[in-house]
1. Give me the one-decimal Kirkwood hydrodynamic radius in Å for the stretch 80-192, with the sum taken over alpha-carbon pairs.
2. Report, in degrees rounded to the nearest 10, the 0 to 90 angle that the Cα long axis of helix 72-95 makes with the longest principal axis of the chain.
3. If you take the charge dipole of the stretch 12-185 about its Cα centre, with +1 on Lys and Arg Cβ and -1 on Asp and Glu Cβ, which of M23, A96, G173 is farthest toward its positive end?
4. Please report, in debye to the nearest 20, how large the charge dipole of the stretch 12-185 is about its Cα centre when each Lys and Arg carries +1 at its beta carbon and each Asp and Glu carries -1 there.
5. Return a single number: how many Lys pairs in the stretch 12-185, at a sequence separation of 8 or more or on separate chains, have alpha-carbon atoms below 19 angstrom apart.
6. In degrees from 0 to 90, rounded to the nearest 10, what is the angle of the helix 101-119 Cα long axis to the longest principal axis of the chain?
7. Using alpha carbons only, how many degrees (0 to 90, rounded to 10) separate the axis of helix 36-56 from the longest principal axis of the chain?
8. Once the dipole of the chain is set up with Lys and Arg at +1 and Asp and Glu at -1 on Cβ about the Cα centre, which of Q32, V55, G72 lies farthest towards its positive end?
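We did not get these values from a lab; they are worked out from the coordinates using the rules stated. Being a predicted model, the structure only gives us computed values, none of them experimental. Positions of Cβ are backbone-derived with ideal geometry, glycine not excepted, and every protein chain shown enters the neighbour counts.
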Amino acid sequence: MSTFKANQEQDVVELLTEDHQDMLDLIGQIQQATTVEERRDTADAVIAEIMRHAVAEEMYVYPAMEKYLPNGAEEVEHDKQEHDELVDVMKKLEDADAESEEFMSLVKELESQLRHHVEDEEQDQFPGLREHIPADERIELGNKVAQAKSLAPTRPHPNAPHSELFHKTVGAGVGMVDRLRDKLTGRNTEKG
C-alpha cells in the first residue's frame, strides 16, 4: 500500500517489488472491470500508484543506484527515460474516456511499458542493489521510499524534471496540490 507506516521495516527491494505486483494487479483489474466507473477509478488508482512509486525511486533509489551499481548512472538515465514514457501514456489515459476503445488501448500500452520497466528493475538492477547495499541500509532506504510515497504527486506531470532535488524541494508541494485536487474531484487514488 502507498501509505507510510511509521514502524514499517522493509527492505527497499521487497517494497518496490510489491509495488510492481500491486500496479500490475490494478491493470488486470481495469481489464476485468465490468463498469465504466470501475475502469476509471482503477485507472486513476494505478496512475497514482505509479506516480508515487516513480517519484520515490527518483528521490532515493536512483541516487543509491548511481552510488553503488556499476554503470549505475547509465541505468538511472535509462529508467528516467522509461518513466517519461510511462508519464506520457498515463497523461493520455487520465484524459481518455473510460468507455472508449482508446482507453483500453492505452491501458494495454501502459501494461506493456510497465512490464518492461519492471523486468529491467527486477532482473538487472535489484540483484545489484541486494549485492552492493548492506541489509540495514536497504531497510533504511525502504523506509525513506515508503515515506516519500506518502507525500508524492498522484498525477502525471509531463514537464516535471526527474531530479532528486526537485522532488525533495518542490515535489511535496505538487503532491499536496494533487491530493487536494483529488479530494475535491472525488478521484480515486488508492488501490482496493
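1. Details: mean 1/r = 0.0618 Å⁻¹.
Kirkwood hydrodynamic radius for the stretch 80-192: 16.2 Å.
2. 10 degrees
3. G173
4. So the dipole magnitude of the stretch 12-185 works out to roughly 760 debye.
5. For the stretch 12-185, the number of qualifying lysine pairs is 13.
6. Helix 101-119 sits roughly 10 degrees off the main axis of the chain.
7. Roughly 20 degrees between the two axes.
8. V55
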